[in-house]
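Enquirer: Can you keep this structure in mind? I'll have questions shortly.
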Amino acid sequence: MTEAPASANLISLFPTGILVSDLPELDNAALARSIRALQSGEGGRHALIAGEGISTYAGARDLHKRPEFKPFVDAATTRLLGFARSLGADLEHMDLLMIDCWSNIQQPGSQVLLHRHPNSLISAAYYVEAPANCGRIMFETPLEPYRMSDFPRFARQTEFNAKRYAVEPVPGRLVLFPSWLGHHTETNRSNAERMVISFNVAARIKP
Ligand SMILES: [Fe+2]
């Protein structure tokens, strides 16, 4: 069979947007101190962390309202607004509100199991401490259940056949994603803690 190049006419249909943005203006050492102080009093087990880990998800989910986290909230919000605008959101008639914010500390050998964030629009992970090999965050394609048939082999990974996408955690890195997008982490194979701040965002139409 002869072959005609298709790339000029190829349409990428219904893509999913995530934003990976580094926040160099933040003091991660100060954030880590605040989180460790919180975890000692208000941290506890989290059902989605397999292995040793501690979270404020049940005890303190209001970090966005605490003054020591204001620099983080301000920095993350600027990226959130840019992300939403890139996705076509009408920010003239809508406010985006951080509705909860918590922190996780994962010990070596632990991982976060596959989940989504119900009752939320956009979610985030921010890496305060992320040693090498502490486990990437993995996003899974939402299309898998709908692909009744597929090529039996692919010569290369493209946006049209990717089943998952991995983001390397780096201290100071913020990842924003649609809350409905399934995600999990690889196992923390470093010998140090993996410290993350997460939050959820809702939209409200302006009165
Ligand atoms: Fe999550």
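The values are calculated or read from the model by the stated rules, or taken from the named source; none is laboratory data. Since the structure is predicted, the reported quantities are computational estimates derived from the model, not experimental observations. Note that each Cβ is placed from the backbone with ideal geometry, even for glycine, and that neighbours are counted across all protein chains shown. All accessible areas refer to the heavy atoms of the entire protein, side chains included, with ligands and DNA or RNA removed. Shrake-Rupley method; radii C 1.70, N 1.55, O 1.52, S 1.80 Å.
Enquirer: Lys and Arg at +1, Asp and Glu at -1: add these up for the other residues within a Cβ distance under 12 Å of ALA37 and post the number.
Expert: Working: positive: ARG33, ARG36, ARG66; negative: GLU42, GLU68.
Charge balance in the 12 Å sphere: +1.
Enquirer: Once phi is turned into ³J(HN,Hα) by the Karplus curve 6.51 cos²θ - 1.76 cosθ + 1.60 with θ = phi - 60°, what whole-Hz value does each residue of the stretch 179-187 show in order, with x for glycine and proline?
Expert: 5, 7, 7, x, 8, 7, 10, 6, 5
Enquirer: What chymotrypsin sites (Phe, Trp or Tyr not before Pro) in the stretch 80-158 are in a loop by DSSP, with at most 16 other Cβ atoms within 10 Å of the Cβ?
Expert: Sparse-neighbourhood loop chymotrypsin sites (Phe, Trp or Tyr not before Pro): PHE154.
Enquirer: Right, something else. Determine the relative contact order of the chain: mean sequence separation of Cα pairs under 8 Å and six or more apart, normalised by residue count, in whole percent. Mind dumping the intermediate values first?
Expert: Working: 392 pairs, mean separation 65.6, N = 207.
In percent, rounded to a whole number, it is 32.
Enquirer: What is the helix-to-structure angle for 70-86, meaning the angle in degrees between its Cα long axis and the longest Cα principal axis of the chain, kept from 0 to 90 and rounded to the nearest 10?
Expert: 20
Enquirer: Express in nm, to one decimal, how much length is gained between ALA89 and GLU68 on full extension, taking 0.36 nm for each residue of separation and deducting their alpha carbon distance.
Expert: Values: separation 21, 0.36 × 21 = 7.56 nm, distance 2.97 nm.
My answer for the length gained is 4.6 nm.
Enquirer: Might you report the magnitude of the Cβ-based charge dipole of the chain about its Cα centre, with Lys and Arg at +1 and Asp and Glu at -1, to the nearest 20 debye? Show your work: numbers first, answer last.
Expert: Details: 21 positive and 21 negative charges, 50 e Å.
So the magnitude is around 240 debye.
Enquirer: Which value, in Å² and to the nearest 10, is the accessible area of LEU143 when all protein chains are kept and the probe is 1.4 Å?
Expert: Estimated to the nearest 10 Å², LEU143 gives 90 Å².
Enquirer: Which angle from 0 to 90°, rounded to the nearest 10, does the C-alpha axis of helix 28-42 make with the longest principal axis of the chain?
Expert: 70
Enquirer: With the full set of protein chains in place, find how many percent of the accessible area of the chain is carbon and sulfur; take the probe as 1.4 Å. Don't skip to the answer; put the middle values down first.
Expert: Working: 6780 of 12120 Å².
Taking all protein chains in place, the chain shows 56 percent carbon and sulfur surface.
Enquirer: From the helices alone, meaning DSSP H stretches of at least four residues, give me the mean residue ellipticity at 222 nm for the chain, per-run term -39500 (n - 2.57), in deg cm²/dmol to the nearest 500.
Expert: Working: 2 runs with 32 residues, N = 207.
Helix contribution divided over all residues of the chain: -5000 deg cm²/dmol.
Enquirer: I've got another one for you. Can you work out the FRET efficiency for the pair ALA203 and THR77, with r the C-beta to C-beta distance and R0 = 22 Å, to the nearest 0.05? Walk me through the numbers before you get to the answer.
Expert: Numbers: r = 14 Å, r/R0 = 0.62.
The value I calculate is 0.95.
Enquirer: Still on this structure, please answer the following. When the solvent-accessible surface of protein heavy atoms is calculated with a 1.4 angstrom probe, in what order do ARG79, ARG194, ARG204 fall, highest first?
Expert: On the way: ARG79 50, ARG194 5, ARG204 120 Å².
Sorted by accessible area, descending: ARG204, ARG79, ARG194.
Enquirer: Could the peptides 103-110, 28-35, 163-170 be put in order, highest first, of the mean number of other beta-carbon atoms found within 10 Å of their residues?
Expert: On the way: 103-110: 21.4, 28-35: 17.8, 163-170: 15.8.
With the highest mean Cβ count within 10 Å placed first, the list reads 103-110, 28-35, 163-170.
Enquirer: Lysines within cross-link reach of LYS206: Cα-Cα under 27 Å, excluding same-chain residues under 8 positions apart?
Expert: Within reach: LYS65, LYS70.
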